[in-house]
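Read the figures in this text as sums done on the coordinates, not as results from a lab. Everything quoted here is computed from the prediction, not taken from an experiment. Every residue, glycine as well, gets a Cβ built from its backbone with ideal geometry; the counts of neighbours run over all protein chains shown.
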Amino acid sequence: MEIRKVQVTGGSSYVISLPKTWVKTLNIKKNDPLGLIIQPDGTLLITKKVDERQEERVIEINADTTDTPTHLFRCLIGAYIAGYTIIKIKSRNAISPSVRRVSRKFTQVTIGQEVVEETDNSITIKDLLNPVEMPFDKSIRRMYLIVKNMHKDAISILKNGDKTLAKDILSRDDDVDRLHWLVARQCNIMSINVNLARKMGITTEKAINYFLISGIIERIGDHAVRIAKNILNFIDEKVDKKIIDTIESASNLALDIFDKSIESFIERDINSANRNIDSLTKLASLCGKINTLALQQKAAIAVSIGYIAESIRRTGEYATDISECVINHLISEKTYRSQKR
């Protein structure tokens, strides 16, 4: 760290000299404009980037070096999450049909990505989304509502026998993934471009908290899919009504914990988050009861019911993880409201 003393000129202007090495590295000349950004912690950021437009970041992916279409797809998702605004897929030879299919799939499952140019041996994908138009809180709320309804519909398959809902649940899980990838992408862009944090009115620390919570919600969505798949394993079999009722009760409690976790997050309520974590004990007891009742069923049915109980329990546990994120974030901010109970 370099220590420099503040000088006063003209009786009212405070001046500090810039490090010569930094000036030369960035090729800063006399009368060049510099941006000054006051950070939430009181530090001052000096940047040469005064243009408000999003900086283009380009990455090239060699299709010839990827072993399978799946590997290529993972690379594209990685580039998307890393915050690249232009992705170029190139090949020494003509782009194969499988690579073109992967590029189309990628643009379909991500938000804001479009193919803007194609040649015989290259595909260019560009980000057309303004990050400011998709604030973190809206993404989190939407993920929460989608996942909550996925879970409710999975249980309704058990009660009503509507197998078509399972396919719809899988489709909605893709929507949750898309939103989670978007939150991860925006979080990474903010770590590179501090101007974005300012324009979105959010701190980097809060963005990281949003990312952690979106990841938890995405995992809850995965368990809703597992519940639906396991119910389909015995949907045509006769199951004791007491088991179905207990599964429904446990599911309702898990969703109640999920609801209250999101509520404590939105309301910034540390006391509600703490009480919510304490409610997990009752859910664990109900899930244990489901496993005990399942022993009276055929072995194959009992196994699937056991997996359902496990997913319901994990849903509640992940929901309390959200409450823990709320507590940790509010404590770090030291701005939570003191409430009388």
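A few points about this structure:
- Rounded to the nearest 20 debye, the dipole magnitude of segment 132-333 is 220 debye, with +1 charges on Lys and Arg beta carbons, -1 on Asp and Glu beta carbons, and the Cα centre as origin.
- Filtered GluC sites (Glu not before Pro), segment 1-107: DSSP coil and at most 16 other beta carbons within 10 Å: Glu2, Glu52, Glu55, Glu56
- In a reduced charge model with +1 at each Lys and Arg Cβ and -1 at each Asp and Glu Cβ, the chain shows a dipole moment near 600 debye about its Cα centre.
- Using R0 = 35 Å, the C-beta based FRET efficiency linking Met1 and Ser332 works out to 0.90.
- Cα convex hull of the chain, projected area averaged across orientations, nm²: 25.1 nm²
- Ranked for footprinting exposure by Cβ neighbours inside 10 Å, fewest first, Ser214, Ser261, Ser98 give Ser98, Ser214, Ser261.
- For segment 63-99, applying the loop criterion from DSSP together with a ceiling of 15 other beta carbons within 10 Å to the trypsin sites (Lys or Arg not before Pro) yields Arg92.
- Counting every other Cβ atom within 10 Å of each residue's Cβ, Asp153, Asp168 order from fewest to most as Asp168, Asp153.
- Around Lys30: net Lys/Arg minus Asp/Glu count, Cβ-Cβ under 15 Å: +3
- When the P(r) is computed for segment 148-299, the part past 22 Å accounts for 52% of the Cα-Cα pairs.
- Likely footprinting exposure, Ile308, Ile38, fewest C-beta neighbours within 10 Å first: Ile38, Ile308
- Pairs from Lys159/Lys242; Lys105/Lys229; Lys5/Lys29; Lys88/Lys199; Lys167/Lys242 whose Cα-Cα separation, in the structure shown, is over 20 Å: Lys105/Lys229; Lys5/Lys29; Lys88/Lys199; Lys167/Lys242
- Simple rule: put +1 on each Lys or Arg Cβ and -1 on each Asp or Glu Cβ in the chain, find the dipole, and look at Val6, Leu232, Gln113; the Cα lying farthest toward the positive end is Val6.
- Extension gain for Lys199 to Leu26 (0.36 nm times residue separation, less C-alpha to C-alpha distance): 59.8 nm.
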